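Here's the structure, in structure tokens; my notes come after.
The values are calculated or read from the model by the stated rules, or taken from the named source; none is laboratory data. Note that the coordinates shown come from a computational prediction; the quantities given were computed from them, not determined experimentally. Note: ideal-geometry Cβ built from the backbone for every residue, glycine included; neighbour counts use all protein chains shown. Accessible surface areas use protein heavy atoms only, side chains included; no ligands, DNA or RNA. Shrake-Rupley method; radii C 1.70, N 1.55, O 1.52, S 1.80 Å.
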Amino acid sequence: MNAPSNAKPRGRQFFNNPGPTNIPDRVLRAMDRPVMDFMSDEFVAIHHACHAGVKRVLKTDQGLYMYNASGHGAWEAALANLFAAGDTVLIIETGYFSLGWAEMAVNLGIKVETIAADWRKGADVSKVGERLAKDKAHEIKAVLCVHNETATGMVLPLSDIRRAIDEAKHPALLLSDTISSLASIEYKMDAWGIDVTVGGSQKGLMLPTGMSFTGVSNKALDVARKNKAPRHYFHWELMNGRAPQKFMGTAPVHMFFGLQESLKMLEEEGLDAVFARHARLAEATRAAVRAWAADGKGPQLYGQSPDRLSNSVTTVMMPEGVSSDPLRKVAIDRYNLSLGGGLGPLMGKVFRIGHMGDLNEPMLLGCLATTELAMKTAGVPFSPGGVDAAIDSLAS
Ligand SMILES: *Cc1c(COP(=O)(O)O)cnc(C)c1O
């Protein structure tokens, strides 16, 4: 007998998209409360606590601005405050998200130069230094990059990029998108000399989508102050005038209730332990994929530089001629496992396993075992032993 079409699957959905991520029950419960006046003393105290907490996660003592906006809003905030039409920025190509930020800059009238890179190998940082060394007139205002490229599952060595800028004796600002790395992978805004950090709520911070923020260095604030380009909603100086919350419009109090709880969870576990957990789960995921690829016919790791593989998302390349779309459809429709798809030119060619945020060993093993099940059901060739390899990795 066929199940009625409105039948709801039993059990929990296993959610392994690389954003949004699982929202912990504790965060949901913390948000389940009546609204409050965003000008009240009670909310101002919550806001201040969250502000300080996010700065601890960013590892910065400098500025922070928050927005009612997805990560794209914080991208735009960074560009709108620092640059005017006709300015030039240098963006390091990593994949779909670096292209997206570059496209936004172009649409704002900013001239974009790209350090091109092979998406599977990752950018050559020495090319950044070489390009800046040639820019004697200092026309390049900033280097933009994506710390953790969510499309390819690869990270950039940000401290090396800072060093390349300094060694070229170039004054360019360094802007980094940490939307899918913050609170999952080590990040040190001040120590690494990052001028603007772009973050969002729905990835490592385990919150609903809809809030984003920028950490801003004093140097960047100075540049913004001198920038005459028109802007309003994201205008840092205007926001400064709206103390104590520095929010444009109504502050999203429920997002802050959730943020307060997620910061508490991160600090109870300890950020270093959070990073170690992500490293452990990521390594187990990679062990599974390497096992699937063992005979050369199965899916394989997309990233080809072992020291650049992300601890928050693994991008898995499908065998030649096999689309990832039917596999993902079987996974969600039959087994209630949500996997990420390929973005831009990688559509159908890869799938992505998100392992960031509120995740533990049983959740990951459930995902990997069900991915094997879905590969079998969908007729995707693979070598057996992926789950065993992940278990061995976790047990070691
Ligand atoms: C998710 C993501 C974005 C976009 O964030 P939105 O909240 O969807 O606007 C940007 N950059 C990276 C690296 C991301 O992972």
Whole-Hz Karplus ³J(HN,Hα) for region 359-374, in order, using 6.51 cos²θ - 1.76 cosθ + 1.60 and θ = phi - 60°, x for Gly and Pro?
9, 10, 4, x, 5, 5, 5, x, 5, 5, 5, 6, 5, 4, 4, 5
In Å², nearest 10: area of PHE234 left accessible to a 1.4 Å probe
30
Using only Cα atoms, what is the ratio of the radius of gyration of the chain to 2.2 N^0.38 Å?
1.01
At 7 Å along Cα-to-Cβ for each site, give me the label-to-label distance between LEU238 and SER70 in nm.
2.3
Could you give the distance between the Cα centres of region 200-232 and region 36-91, to the whole Å?
4
Cα gyration tensor shape of region 318-369, rounded if a/c is under 1.5, else prolate or oblate by comparing a/b with b/c:
prolate
Any idea which of LEU64, ALA84, TYR96 is furthest toward the positive side of the dipole for region 47-169, if Lys and Arg beta-carbons carry +1 and Asp and Glu beta-carbons -1?
LEU64
Part-to-part distance (alpha-carbon centres) for region 117-175 and region 249-282, which is given in Å:
28
Using a Förster distance of 22 angstrom, determine the FRET efficiency expected from the C-beta separation of GLU103 and ASN218, and round it to 0.05.
0.15
Tell me the angle of helix 71-82 to the major Cα principal axis of the chain, expressed in degrees between 0 and 90 and rounded to the nearest ten.
20
Antiparallel %, DSSP beta bridges [both residues in the chain], to 5:
55
Could you work out the relative contact order of region 25-267? I mean the mean sequence separation of Cα pairs under 8 Å and 6+ apart, divided by the number of residues, in percent.
30
Using a 1.4 Å probe and ignoring any ligands, DNA or RNA, find the accessible area of LYS226 and quote it in Å² to the nearest 10.
140
Work out the charge dipole of region 104-234 with +1 on the Cβ of Lys and Arg and -1 on the Cβ of Asp and Glu about the Cα centre, then indicate which of PRO171, PRO208, ALA116 is farthest towards its positive end.
PRO171
Two pseudo-spin positions, 7 Å from Cα along C-beta at ARG56 and at SER126, lie apart in nanometres by 4.2
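Ordering ASP41, ASP222 from largest to smallest accessible area (1.4 angstrom probe), what's the sequence?
From most exposed to least exposed: ASP41, ASP222.
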Run the simple label-point estimate for SER323 and THR209 please: 7 Å along Cα→C-beta, distance reported in nm.
2.3
Would you mind working out the magnitude of the charge dipole of region 25-267 relative to its Cα centre, with +1 at each Lys and Arg C-beta and -1 at each Asp and Glu C-beta, to the nearest 20 Debye?
280
Got a sec? What order do ILE23, ILE391 fall in by accessible area at 1.4 Å, biggest, i.e. largest, first?
ILE391, ILE23
Return the sequence-ordered ³J(HN,Hα) values of region 145-162 in whole Hz as given by the Karplus equation 6.51 cos²θ - 1.76 cosθ + 1.60 applied to θ = phi - 60°, using x for Gly and Pro.
8, 10, 4, 10, 7, 5, 6, 9, x, 10, 10, 10, x, 5, 5, 5, 5, 4
So what is the relative contact order of region 270-395, in percent, for Cα pairs below 8 Å that sit 6 or more residues apart?
35
Measure of exposure for VAL57: accessible area at 1.4 Å probe, Å² rounded to 10, is 10
Only helical DSSP H runs with n ≥ 4 go in: add -39500 (n - 2.57) per run for the chain, normalise by residue count and round the 222 nm mean residue ellipticity to 500 deg cm²/dmol.
-12500 deg cm²/dmol
Going from most exposed to least, what order do MET39, MET363, MET154 have by accessible area with a 1.4 Å probe?
MET39, MET363, MET154
Full extension from ALA294 to ASP166: what is 0.36 nm times the residue separation minus their Cα-Cα distance, to one decimal in nm?
41.8 nm
A student applying the Cα gyration tensor rule (rounded when a/c is under 1.5; otherwise prolate if a/b is larger than b/c, oblate if not) would label region 1-102 oblate
Zone reached by a paramagnetic label modelled 7 Å from ALA85 Cα along Cα→Cβ, restricted to region 99-141 with backbone N below 13 Å, covers 106-111
From the Cα gyration tensor of region 51-168, with a ≥ b ≥ c the square roots of its eigenvalues, which class applies: rounded if a/c is under 1.5, or else prolate if a/b is larger than b/c, or else oblate?
rounded
